[in-house]
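Below is one structure, written out as structure tokens, with a few remarks after it.
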Amino acid sequence: MTLNDYDVKPGDTLYVQDRGTQVSYRLAQILINIGPVISFTLFWAYRLEIYSFCLGENHVGDEENLVHFKPTLAQDVAIKMALCHFMKRILECTFVHFYSKPTKSLSNLVLELGYFWLFFGTVVPFYLFHPHYQADGFFTQVLHLPQGTVSYIYHFLTAVFGLAEMMNLLCHIHLKSFRKGDHDYTRGIPRLHGYQAVSCANYFWEFLAWVTFALVAQTLASFLFVSACFFRMNFRAHRKHHRYIAQFKNLYPADERCYFIPYLF
Amino acid sequence: MLHNSFQIFGCVFILYRIFHEGPVADFTGVYSKEDTKIERIFKWLELAPFLELVHHLIGISKMKTHIFVGMLINIWILFGVIDYNPTSPYAMHWIIIRCVQKTIRHFYNAYSAMDLKFEVYAIDYIRMTAFYVMYPLEYVYSLVLVFNTLPKVKELGIGRYNMPNLMNFDFDYQLIYFFYICASLPNFINTFVYLHRKRAQQLEIAERFIRPVKQD
């Protein structure tokens with residue numbers, strides 16, 4: 001891009017803003033999403049070393065569990081859900097998304113890295129891989145369901161997770177169809193894969209996937225992460241909904257669509 | 001004015017009691033659990049600024065983030081650190097520094113509330129410059145207090161919640177101490193730089209007040 005592309009002529013006043021160190025947007029997104037994949041793999045591979053260091057004398061009697069990790073069904077499903085989700089995101093960042101912004105500021109990248117790498121990448125797997133992890137407590141002790149039905153619940157939640165991830169991917173592909181490439185600011189009115197009921201169907205499907213993950217993992221950390229996701233996506237969805245209305249005005253079916261959760265808000 | 005006066009008189013009273021009893025009695029005895037008068041006054045003084053938070057929440061005034069964070073840290077040092085280690089001599093040193101700081105700050109606020117801001121340059125100078133000594137001292141003493149109290153918290157097992165449990169979560173109150181130790185340094189640097197820049201801005205205005213720019 002040159003000044004001529006922006007119709008800047010001699011004698012015009014140019015205002016320059018220093019936005020700090022910038023990183024390529026696509027690279028930033030890949031870095032953000034690769035963190036949890038690496039951390040979950042490290043937790044799997046070095047479980048003995050991590051918990052021996054962290055728990056010290058408190059893991060006496062758990063040597064067998066630490067040395068030969070036999071995950072419960074809940075742990076197994078939750079770990080695979082997390083890995084699938086972030087690998088899907090990495091593939092989307094590489095092959096699907098067309099980013100309108102060319103760069104991201106380094107300070108924003110550090111905040112995002114803290115959120116994904118530290119919060120989800122460290123705190124969530126720490127309790128998920130924990131030798132004292134108690135599986136099925138939410139279903140058997142809170143909901144008082146028989147132990148035999150719990151495995152069916154996990155299979156159902158896995159199916160819902162798979163559906164949500166697929167729909168999220170389809171939403172992203174649908175949004176991609178409005179643009180020709182990177183740095184294209186074009187927006188269209190999406191109408192497929194859930195957009196009939198909600199302005200940000202991609203956020204809704206992703207939130208649904210995280211809810212199923214939290215129900216399978218059954219750790220306080222995963223529920224806190226889902227709550228944080230809800231607030232972030234709710235804020236962004238609200239902004240996007242109003243941006244659609246401002247851009248498309250009467251053409252946008254604002255009366256028929258909520259902004260985040262269908263039929264609710 | 002009422003709030004500032006309460007803060008000034010309270011802090012000066014505490015300093016008077018501390019120095020009055022200091023030479024003859026053990027310093028730590030002034031903040032012992034048996035003598036609750038000073039403790040009660042100091043806790044009220046530290047909690048009173050939460051009125052500012054209420055003002056902010058209901059839209060009367062704005063509150064800067066670093067002020068709110070500072071407030072939270074001081075309340076936590078009082079209720080979450082000193083309460084578990086009241087006989088530590090560093091607790092008394094921290095209280096003295098806090099009292100001196102609060103006396104300076106609230107005296108300045110009262111002076112500003114009387115529409116006298118920038119009228120007496122010396123007062124503005126002392127208010128804006130005192131933090132160079134007081135704030136680092138307060139921070140160092142708070143860190144020393146935290147390190148000093150850590151073994152007692154570990155020994156008492158305060159706030160310990162172990163796995164296995166329903167929520168697959170464990171917690172140890174020591175983690176809050178470690179978090180403070182790690183997070184307090186960037187917060188200190190950020191606040192110090194902010195105060196330094198604020199000082200330059202305010203003193204420039206004060207100097208213009210006493211030496212008005214000559215109009216040609």
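Considering only residues that are out of contact with any His (no Cβ under 8 Å at 6 or more places or on another chain) and not in a helix (DSSP H, G or I), look in segment A:234-257 and name the one that is surrounded by the most Cβ atoms within 10 Å (Cβ to Cβ). Filtering segment A:234-257 for residues that are out of contact with any His (no Cβ under 8 Å at 6 or more places or on another chain) and not in a helix (DSSP H, G or I), the one surrounded by the most Cβ atoms within 10 Å (Cβ to Cβ) comes out as A:Tyr252. The set of residues from segment A:135-179 being surrounded by 17 or more Cβ atoms within 10 Å (Cβ to Cβ), more than 14 Å from chain B (Cβ to nearest Cβ) and over 24 Å from the mean Cα position of the chain (by Cα) comprises just one member, A:Val150.
Yes or no, residue by residue, for (1) within 14 Å of chain B (Cβ to nearest Cβ); (2) within 26 Å of A:Ile153 (Cβ to Cβ); (3) crowded, with 18+ Cβ neighbours inside 10 Å:
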{"site": "A:Gly181", "(1), (2), (3)": "no, no, no"}
{"site": "A:Leu192", "(1), (2), (3)": "no, no, no"}
{"site": "A:Trp205", "(1), (2), (3)": "no, yes, yes"}
{"site": "A:Ala209", "(1), (2), (3)": "no, yes, yes"}
{"site": "A:Ser222", "(1), (2), (3)": "yes, yes, yes"}
{"site": "A:Ser227", "(1), (2), (3)": "yes, yes, no"}
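Of all the numbered requirements in (1) assigned to a loop (DSSP other than H, G, I, E, B); (2) within 30 Å of A:Asp76 (Cβ to Cβ), A:Lys180 misses one, and that requirement is (2). Any idea how many residues of segment A:100-148 are under 14 Å from A:Thr219 (Cα atoms), among the hydroxyl-bearing types (Ser, Thr, Tyr) and not in a loop (DSSP other than H, G, I, E, B)? The number of residues fulfilling the criteria is 2. Pairs are defined by a Cβ separation below 6 Å, a sequence spacing of at least 6 or placement on different chains, a first member in segment B:88-113 that is in contact (Cβ under 8 Å) with a residue 40 or more places away in the chain, and a second member that is assigned to a helix (DSSP H, G or I) and of a type in the set (Gly, Ala, Ser); no pair meets this definition.
Please tell me if A:Phe119 is in contact (Cβ under 8 Å) with a residue 60 or more places away in the chain and within 13 Å of another protein chain (Cβ to nearest Cβ). Give the steps one after another, and end with the answer.
On the way: in contact (Cβ under 8 Å) with a residue 60 or more places away in the chain: yes; within 13 Å of another protein chain (Cβ to nearest Cβ): no.
Answer is no for this residue.
The sole residue among A:Leu42, A:Leu66, A:Leu106, A:Leu55 that is over 19 Å from A:Phe225 (Cβ atoms) and modelled with pLDDT of 90 or more is A:Leu106. The test for being within 14 Å of chain B (Cβ to nearest Cβ), surrounded by 14 or more Cβ atoms within 10 Å (Cβ to Cβ) and at pLDDT 90 or above does not hold for A:Ala82. Does A:His132 qualify as being free of Cβ contacts under 8 Å to residues at least 12 places away in the same chain, within 14 Å of chain B (Cβ to nearest Cβ) and more than 24 Å from the chain's Cα centre (by Cα)? No, not satisfied. Only residues that are touching a residue at least 12 places away in the same chain (Cβ under 8 Å), within 14 Å of another protein chain (Cβ to nearest Cβ) and surrounded by fewer than 16 Cβ atoms within 10 Å (Cβ to Cβ) were counted in segment B:132-187, giving 3.
Evaluation of A:Leu192 against the conditions (1) more than 30 Å from B:Pro164 (Cα to Cα); (2) touching a residue at least 40 places away in the same chain (Cβ under 8 Å) shows that the sole unmet condition is (2).
No other residue among B:Phe68, B:Phe107, B:Phe19, B:Phe79 is at pLDDT below 75, among the hydrophobic types (A, V, I, L, M, F, W, C) and assigned to a helix (DSSP H, G or I) apart from B:Phe19. Does A:Phe231 fit the bill of being over 26 Å from A:Phe86 (Cα atoms) and either more than 14 Å from every other protein chain (Cβ to nearest Cβ) or part of a helix (DSSP H, G or I) (or both)? Judged against the criteria, A:Phe231 is not a match. Pairs linking a residue in segment A:74-99 that is part of a helix (DSSP H, G or I) to a residue that is of a type in the set (Lys, Arg) and surrounded by 16 or more Cβ atoms within 10 Å (Cβ to Cβ), with Cβ atoms under 7 Å and 6 or more positions apart or on different chains, are A:Cys93/A:Arg26.
The values are calculated or read from the model by the stated rules, or taken from the named source; none is laboratory data. The shown structure was predicted, so the numbers you read here are calculated from the model rather than taken from an experiment. Cβ atoms come from the backbone with ideal geometry, glycine included; neighbour counts cover every protein chain shown.
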